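Below: one structure, written as C-alpha cells.
FYI, it's all coordinate maths here, none of it is from the lab. If you're wondering where the values come from, they're calculated on a predicted model, not measured in any experiment. For neighbour counting, all protein chains shown are included, and Cβ atoms are generated from backbone atoms with ideal geometry for every residue, glycine included.
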Amino acid sequence: MKRSGSVTVLFLLMLTAVIAVGAVAVDYAMMESARTDLRIASDLCSRAAVVKYIDTGSLSAARTQAKELAQVNQLFGRNVLLADADIVPGNSASQTNGKYVFTANAQPYNSFRVDARFASDSLNNSLPLLFSSVHHRQTIDLAQTSTSTETNLDVVLVLDRSGSMAFDLTGTDWS
C-alpha cells in the first residue's frame, strides 16, 4: 500500500485551520485596539467639555470643544463624530462609599458624560472587519462612555511660627 501525499492533505487541512484562527485573531486585535482608541477619545472629550464649561459657563462652548477634539482623534483613519445628544451635562455627587453617581441634566453642572459610538444608528458607521468572510460578520459596533467630574476642594494651610499651637489641654509639654 502506497501512502504518498497523505501528509500533504493533512497539512493543507491544518493550514486552513491555522489561517482561519489567525484571521479571527487579527480581527479581534483590531477590535480591541479600536475599543482602546475610542475609550481614549471619549475620556479626552468628556474632560475637555468639563474644563471648557468651568472656564466659560457655556454648554454650547463645552459641546463644541468636545466635538472638535473628537474629530482630531481618528479611529482607523475615520474621524470620531459626536452629536449634541452624545454630550450630556449633569451633576456627579459623592456617595458615602467614595464613588460618584452621575445624574444627567441635573444642576449645578459639574460633570459631562460622552457616549462615543461607532454603530449603524450613530453619526459614525460601524467599523468594517478585515476578514469578514471568515466569521461571516461584515462590521462591528463599538461604544464607550466616559464621565468627567470637576470637584472643588478647600485646602487650608496653617503656619504656626510662634509655636503656641504646640501644646494641647492635657498639660503635656511637646517639643
When VAL72, VAL158 are ranked with the fewest other C-beta atoms within 10 Å first, the list becomes VAL158, VAL72
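Do me a favour and compute the ellipsoid semi-axes for the chain from its Cα gyration tensor, root of five times each eigenvalue, largest one first, whole Å. Intermediate values should be presented prior to the final figure.
Working: eigenvalues 588, 148, 32 Å².
One finds semi-axes of 54, 27, 13 Å for the chain.
Expressed as a rounded percentage, what relative contact order does the chain have, with Cα pairs under 8 Å and six or more residues apart? Don't skip to the end; give the middle numbers.
Values: 236 pairs, mean separation 35.6, N = 175.
Once divided by the residue count of the chain, the mean separation gives 20 percent.
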Angle, helix 59-72 long axis vs. longest principal axis of the chain, Cα atoms, 0 to 90°, nearest 10? 40 degrees
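Counting other Cβ atoms within 10 Å, keep those with at most 15, restrict to DSSP loop, and tell me which trypsin sites (Lys or Arg not before Pro) in region 46-141 are left. Before the final figure, lay out each step's value.
Numbers: sites: ARG47, LYS52, ARG63, LYS67, ARG78, LYS99, ARG113, ARG117, ARG137; in loops: LYS99, ARG137.
Sites meeting the loop and neighbour criteria: LYS99, ARG137.
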Which distance in Å, rounded to a whole number, links the C-alpha centroids of region 6-46 and region 90-140? 23 Å
For region 99-162, take the alpha-carbon Rg, divide it by the Kirkwood Rh, and send me Rg/Rh. 1.38
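How much length, in nm to one decimal, is gained on full extension between MET14 and LEU157, taken as 0.36 nm per residue of separation minus their Cα-Cα distance?
Details: separation 143, 0.36 × 143 = 51.48 nm, distance 7.08 nm.
Answer, rounded to one decimal: 44.4 nm.
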